[in-house]
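All remarks here apply to the structure that follows.
The values are calculated or read from the model by the stated rules, or taken from the named source; none is laboratory data. Since this is a predicted model, take the numbers as computed values, not measurements. Counting neighbours? That spans all protein chains shown, and the Cβs are built from the backbone with ideal geometry, glycine included.
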Amino acid sequence: MNILFFVTPKSNTVYVYEDNTLRQALQKLVQHRYTAIPVIKRNGEYAGNLSEGDLLWAILEYSLYSDNAREQYHVRDILKNKQNTAVNVEAAIEDMLELSMNQNFVPVIDDRNIFIGLVTRKDILQYYFHKGNKRS
């Protein structure tokens, strides 16, 4: 099955830009109560993901205990090499099950690496749950 049925479009997705400050990223995570969010470049390319752990370690490592201090660092400064693997929009939902075991969401990109949305782990699990129940 094509993943377009499951994609939450970029317009309905919470994300940060790589040039946002750590304060802005932290506010967005807290406001929406997420543990990780996608990071995109200003040209729309997928840059990675930012987790609450990434922010916590940056705050501790650089002693960023005030909002003013967190304004001095940007998301791109702390992006880790280990990122959520993105899939092409042409991928099938079946290709995403293994990815969803280690990621809360799977970023979806087009052929130019432009972020178009994401598929949540919940959506993938619901698909397999309903598929399994139809066989019973």
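So the values come out like this:
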{"read-out": "Odd one out for residue 85, checked against (1) surrounded by fewer than 18 Cβ atoms within 10 Å (Cβ to Cβ); (2) in contact (Cβ under 8 Å) with a residue 24 or more places away in the chain; (3) β-branched (Val, Ile, Thr)", "value": "(2)"}
{"read-out": "Odd one out for residue 39, checked against (1) touching a residue at least 12 places away in the same chain (Cβ under 8 Å); (2) over 15 Å from the mean Cα position of the chain (by Cα); (3) within 20 Å of residue 121 (Cβ to Cβ)", "value": "(2)"}
{"read-out": "Residues of the range 1-17 satisfying the condition of being over 13 Å from residue 108 (Cα atoms) and touching a helix residue (DSSP H, G or I) at 6+ places or on another chain (Cβ under 8 Å)", "value": "1, 14, 16, 17"}
{"read-out": "Some residue of the range 43-53 being surrounded by fewer than 13 Cβ atoms within 10 Å (Cβ to Cβ) and at pLDDT below 95", "value": "yes"}
{"read-out": "Test result for residue 10, surrounded by fewer than 20 Cβ atoms within 10 Å (Cβ to Cβ), within 26 Å of residue 88 (Cβ to Cβ), among the basic types (Lys, Arg) and in contact (Cβ under 8 Å) with a residue 60 or more places away in the chain", "value": "yes"}
{"read-out": "Per-region count, the range 88-105, residues buried (at least 19 other Cβ atoms within 10 Å of the Cβ) and either in a loop (DSSP other than H, G, I, E, B) or touching a residue at least 24 places away in the same chain (Cβ under 8 Å) (or both)", "value": "5"}
{"read-out": "Which numbered condition residue 134 misses (of (1) at pLDDT 95 or above; (2) surrounded by fewer than 16 Cβ atoms within 10 Å (Cβ to Cβ); (3) farther than 19 Å from residue 8 by Cα)", "value": "(1)"}
{"read-out": "Sole exception among (1) at pLDDT below 95; (2) farther than 24 Å from residue 113 by Cβ; (3) part of a helix (DSSP H, G or I); (4) not acidic (Asp, Glu) for residue 4, by number", "value": "(2)"}
{"read-out": "Among (1) charged (D, E, K, R); (2) within 17 Å of the chain's Cα centre (by Cα); (3) closer than 10 Å to residue 21 by Cβ, the one test that residue 76 misses", "value": "(3)"}
{"read-out": "Of the criteria (1) at pLDDT below 90; (2) of a type in the set (Lys, Arg); (3) part of a helix (DSSP H, G or I), which one residue 122 fails", "value": "(1)"}
